[in-house]
1. Can you tell me which residue is nearest to ALA272 (Cα to Cα) among those in region 214-240 that are of a type in the set (Asp, Glu) and without any contact (Cβ under 8 Å) to a residue 24 or more places away in the chain?
2. Please go through region 150-186 and give me each residue that is surrounded by fewer than 19 Cβ atoms within 10 Å (Cβ to Cβ), closer than 22 Å to PRO216 by Cα and among the polar types (S, T, N, Q), ordered by number.
3. When region 187-199 is examined, which residues are found to be of a type outside the set (Asp, Glu) and open to solvent by less than 60 Å² (accessible area, probe 1.4 Å)?
4. Does region 227-259 hold any residues that are out of contact with any Leu (no Cβ under 6 Å at 6 or more places or on another chain), crowded, with 17+ Cβ neighbours inside 10 Å and among the hydrophobic types (A, V, I, L, M, F, W, C), and which are they?
5. Report the residue count in region 200-213 for those that are over 13 Å from the mean Cα position of the chain (by Cα), in contact (Cβ under 8 Å) with a residue 24 or more places away in the chain and open to solvent by 20 Å² or more (accessible area, probe 1.4 Å).
6. When the residues of region 192-243 are filtered to those that are outside any helix (DSSP H, G or I) and touching a helix residue (DSSP H, G or I) at 6+ places or on another chain (Cβ under 8 Å), which remaining residue is farthest from ILE175 (Cα to Cα)?
7. Considering region 155-178 alone, what residues qualify as being of a type in the set (Phe, Trp, Tyr) and assigned to a helix (DSSP H, G or I)?
Amino acid sequence: MANLSMAGALASAMLFMAPVHAQSSPMSLSDRVARLEQQQQNQDQSRTNLLNQLQQMQSTMQQLQGQIEELQHQVQQLQDQSKAQYSDLDSRVGRLEKTGTANPAAPSSSAAAPAGAASTASAASSATPAPAAPAQPPAESVAQKGAALKAYNAAFKSLRAGDYVSSSRGFREFIQTYPNDALTPNAFYWLGESYYATTNYQVAVEAFKHLLDQYPQSDKVPDATLKLGYSQLEMKQTDAGVATLKSVVAKYPSSNAAKLAQERLHRLSQQAAH
């Protein structure tokens, strides 16, 4: 009986010790669940961060796309403006060519007068001095005008072909050789355009300013003022550039240059807002 009692006591003790042994295991079920939940939270946070980065990238791409479209629109406008200017200049050059060929030297009065009139004039001249005939332009001036037009067209042809180095050299030589020609103001404008196209903004500014100072009545003044403002902005002279563009809008409100100036000012205000 004593042995049976001891065996029962031993079995009871082992029964009560079993839960204690289970609780002292290396990781309980609740710990493993907590660990899995923490891992899930970390993964969720990583996904959230990646999603935010993706959204930021999409927003940046949309902004870049908008800027690209705006630049494409601006380039198209500049191309249209250049085509219109080239066409206008071509028509003016054509008129100058017609003027040069349509006004030959007038025949002398002695050759044109009939014989009787010549004898009468000779008799009258002995009593009363005849008024001096108006001086006819020398033949050299006609040849010089033709040479000037040829030089101008050569420089302008280089400009249209995109050879800005040759065009700037050609317009400089034209200005030096024919400083009083009717096309000299235009030559200053296209000289500035040649320098602007090659990012020589400081020299472009000098050309545009010379046109504005020396030829204020030229029909190139609005466009020269516009490009002066563009050049100042490219040189980071923002205040001066903005003031110049505003002067285009104020002085020449109905011109195409004023429209382009307004568009540039609008973009500048939008950039400043951001």
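The values are calculated or read from the model by the stated rules, or taken from the named source; none is laboratory data. In this text the structure is predicted, and so the values were computed from the model without any measurement. Every residue, glycine as well, gets a Cβ built from its backbone with ideal geometry; the counts of neighbours run over all protein chains shown. All accessible areas refer to the heavy atoms of the entire protein, side chains included, with ligands and DNA or RNA removed. Shrake-Rupley method; radii C 1.70, N 1.55, O 1.52, S 1.80 Å.
1. So, considering only residues that are of a type in the set (Asp, Glu) and without any contact (Cβ under 8 Å) to a residue 24 or more places away in the chain, the one nearest to ALA272 (Cα to Cα) is ASP239.
2. Within region 150-186, GLN176, THR177, ASN180 qualify.
3. Scanning region 187-199 gives ALA187, PHE188, TYR189, TRP190, LEU191, GLY192, SER194, TYR195, TYR196, ALA197, THR198.
4. Scanning region 227-259 gives LEU228, LEU233, VAL242, VAL249, ALA258.
5. 1
6. Filtering region 192-243 for residues that are outside any helix (DSSP H, G or I) and touching a helix residue (DSSP H, G or I) at 6+ places or on another chain (Cβ under 8 Å), the one farthest from ILE175 (Cα to Cα) comes out as MET235.
7. Hits for region 155-178 are PHE156, TYR164, PHE171, PHE174.
So that you can scan it fast, the table gives a plain yes or no per residue for (1) touching a Lys or Arg at 6+ places or on another chain (Cβ under 9 Å); (2) modelled with pLDDT under 95:
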site: LEU191; (1), (2): yes, no
site: TYR195; (1), (2): no, no
site: LEU211; (1), (2): yes, no
site: TYR215; (1), (2): no, no
site: PRO222; (1), (2): yes, no
site: LYS227; (1), (2): no, no
site: SER247; (1), (2): no, no
site: ARG267; (1), (2): no, yes
